[in-house]
């Protein structure tokens, strides 16, 4: 086989692996291709509605734009780039640490530089394909509303996808050489988890500090931002102009991204093999207990609870996965803090944010404690009834939720006691619902499968998300419009009841 | 407990998945006995033992552990039973000592008893240098030893092991075998599945051969040889002959 044929064959192999990984993520282990494609088409069709709501009014935008519009479009592109970067970092760490075929590739008589060039290109292609998929409803809305010139936005998506993948690869390999394999995995995964959220949250924090509102657009459209922004002719606005159909800007953007990816492939492909070897050689760092403690006495449930707390505390990767949800609490906490000074009406906005975060966090924690049991046989063969095991695990979820949210609700009680009561009830109900859904749909697996918890049951994932949103809306409305709150509360309760009815564990 | 009581008594135990995995199985293991359960892949050994350990609910039949009905009173039966599977299931983020502390807590053992016992067990299995290291970097053999120590820390009277020597090096395997024989000498009952026939031959008081979910032969090595009609036959030859004849009959 010639070297070109071998590379084509390897590229096909990579694309097939990426496709199957994606399919497994979409459908769980069953791999129902037709259902996944139909589901995806339906999802994409439905996504056109929120896309229209978010972006529809911008379809008529014409060049030349004023500075505020350029800032908003550029910030949106930057946010999309940050999200793609986070996805790409995840993909790169997975290639380094989780691909089972590395031994085979490394021991085969192929030129590793070429093979890893293909692998880098495959990462870029995967990231780009995912970005195109997610951006399609938004670009469609712009094309339908504003004409074919908006097709150029697809070019921008491709360009930022390629550049995000290139940056992620360079960043991960450099990080690897600076801090070593074990820390790189952790740092990269934590960064991947918080990069996208961090951008939105930073904007919200700036908005709160400047204008006392949670809206990030307040910052982007402000006079201060316009004053600090570069001149309209600046290269900084090329991505925005390219999205609006400026052919020259689009070509430069695409060429720049391809050059960046090419440079990364040329520089880092020869080092990829060495990096992989070091990773496998240093796969597991040795963690020693800092002090020797005596065995503690206590009930069997206490043993279960303390085990769960230790496991949660000692897994920074799992913490980072939950951290993203907690990060969303930073802006409301800041808003709360500011409202002590100027009694802003915007404080009402923090109730739904807190309730939703509680629901989402409880769902993740409940999955970890209930489904993600690494020693399932041990716990099952232990001499205590299953109901007591489940109760101990639910207690862990509720204790963690209590510890995280009690300070926020306590602070809220000083500003607005009725709002604190409504928020507390919302937190308890949202956390209890998310935990119950995890119980009804539990599938025993290892904690390391946390990233794929959504794929074990799509129904549970959607039910958990809808119930969190529903309880958040109910809590927000209860503070201002009690009757609509009753309606949303009943609708959410009906969703939960329907979920229970069709769950496999309702018996 | 009555004198001369069986450690395990299984009657007409049945389990069906997509096919019949265990077919009305009768099995009796005496107290203080080392019993090896042999059989080809998919014969129903692990399914039988998982039902005994309370990990699977049988479709029919009864399981009695030292006189306790394990199906109607599973908590009491589990209190005196330990289970070790071929795939060691331990917590990566705990140290061996912390894992044993957790197991002792689950079984409600007084820390004054469990702590020295845990330490001694881990030391006897050669894990002393790793007592305070998290298990995430352990080899499969080390993980298997931690799981085994966890099974023994609550001082069970019936130990059920599914392929416990898989992945162990020769020295570790010898440690484990020695530990199990010590337990049997102390009056404990051990039931073990294994594909290493030499282990069964050298360690077991009695051997049961299971095929297609049924017990097709049982006895001491001598009894099995007599049943087979050749006094000088190796266990391996007898096992292959039994399994082949069962396959032909099916």
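The values are calculated or read from the model by the stated rules, or taken from the named source; none is laboratory data. This is a predicted model, so every value here is computed, not measured. A quick note on method: Cβ atoms are made from the backbone with ideal geometry, for glycine too, and the neighbour counts reach across all protein chains shown.
Does residue B:49 count as assigned to a helix (DSSP H, G or I) and either more than 8 Å from every other protein chain (Cβ to nearest Cβ) or surrounded by fewer than 23 Cβ atoms within 10 Å (Cβ to Cβ) (or both)? When the stated conditions are applied, residue B:49 passes them. For residue A:280, indicate whether it is surrounded by 15 or more Cβ atoms within 10 Å (Cβ to Cβ), part of a helix (DSSP H, G or I) and at pLDDT below 85. No: the conditions fail for residue A:280. Looking across A:420, A:472, A:406, one residue alone is part of a helix (DSSP H, G or I), in the same structural domain as residue A:349 (by TED's automatic domain parsing) and in contact (Cβ under 8 Å) with a residue 12 or more places away in the chain. It is A:472.
What do you reckon, is residue B:137 surrounded by fewer than 21 Cβ atoms within 10 Å (Cβ to Cβ), more than 8 Å from every other protein chain (Cβ to nearest Cβ) and more than 17 Å from residue A:313 (Cα to Cα)? Spelling it out, it is not the case that residue B:137 is surrounded by fewer than 21 Cβ atoms within 10 Å (Cβ to Cβ), more than 8 Å from every other protein chain (Cβ to nearest Cβ) and more than 17 Å from residue A:313 (Cα to Cα).
Could you figure out which of (1) in contact with a helix residue (DSSP H, G or I) (Cβ under 9 Å, 6 or more places away or on another chain); (2) more than 10 Å from chain A (Cβ to nearest Cβ); (3) surrounded by fewer than 23 Cβ atoms within 10 Å (Cβ to Cβ) isn't true of residue B:65? Condition not satisfied by residue B:65: (3).
For the range A:475-500, the set of residues classified as closer than 16 Å to residue A:350 by Cβ and without any contact (Cβ under 8 Å) to a residue 24 or more places away in the chain consists of A:477 only.
Among residues of the range B:82-103 being in a strand (DSSP E or B) and more than 7 Å from chain A (Cβ to nearest Cβ), the one that is farthest from residue B:194 (Cα to Cα) is B:82. Can you say whether residue A:305 is part of a loop (DSSP other than H, G, I, E, B), at pLDDT 70 or above and within 14 Å of chain B (Cβ to nearest Cβ), as far as the supplied structure shows? No, not satisfied.
Exactly one residue among A:434, A:463 is in the same structural domain as residue A:396 (by TED's automatic domain parsing), in contact (Cβ under 8 Å) with a residue 60 or more places away in the chain and surrounded by 20 or more Cβ atoms within 10 Å (Cβ to Cβ), and that residue is A:434. Check A:403, A:397, A:422, A:428 and return the single one that is at pLDDT 90 or above, closer than 23 Å to residue A:493 by Cβ and surrounded by fewer than 19 Cβ atoms within 10 Å (Cβ to Cβ). A:428 is the lone residue from the list that is at pLDDT 90 or above, closer than 23 Å to residue A:493 by Cβ and surrounded by fewer than 19 Cβ atoms within 10 Å (Cβ to Cβ).
Within the set A:378, A:368, the sole residue that is within 14 Å of chain B (Cβ to nearest Cβ), in contact (Cβ under 8 Å) with a residue 60 or more places away in the chain and either over 19 Å from the mean Cα position of the chain (by Cα) or surrounded by 21 or more Cβ atoms within 10 Å (Cβ to Cβ) (or both) turns out to be A:368. Please enumerate the residues belonging to the range B:58-81 that are under 17 Å from residue B:191 (Cα atoms) and assigned to a helix (DSSP H, G or I). Passing the criteria: B:77, B:78, B:79. Only a single criterion out of (1) buried (at least 22 other Cβ atoms within 10 Å of the Cβ); (2) closer than 25 Å to residue B:98 by Cβ; (3) in contact with a helix residue (DSSP H, G or I) (Cβ under 6 Å, 6 or more places away or on another chain) is not satisfied by residue A:444, namely (1). Determine, yes or no, whether residue B:114 is in contact (Cβ under 8 Å) with a residue 12 or more places away in the chain and part of a strand (DSSP E or B). Spelling it out, it is not the case that residue B:114 is in contact (Cβ under 8 Å) with a residue 12 or more places away in the chain and part of a strand (DSSP E or B).
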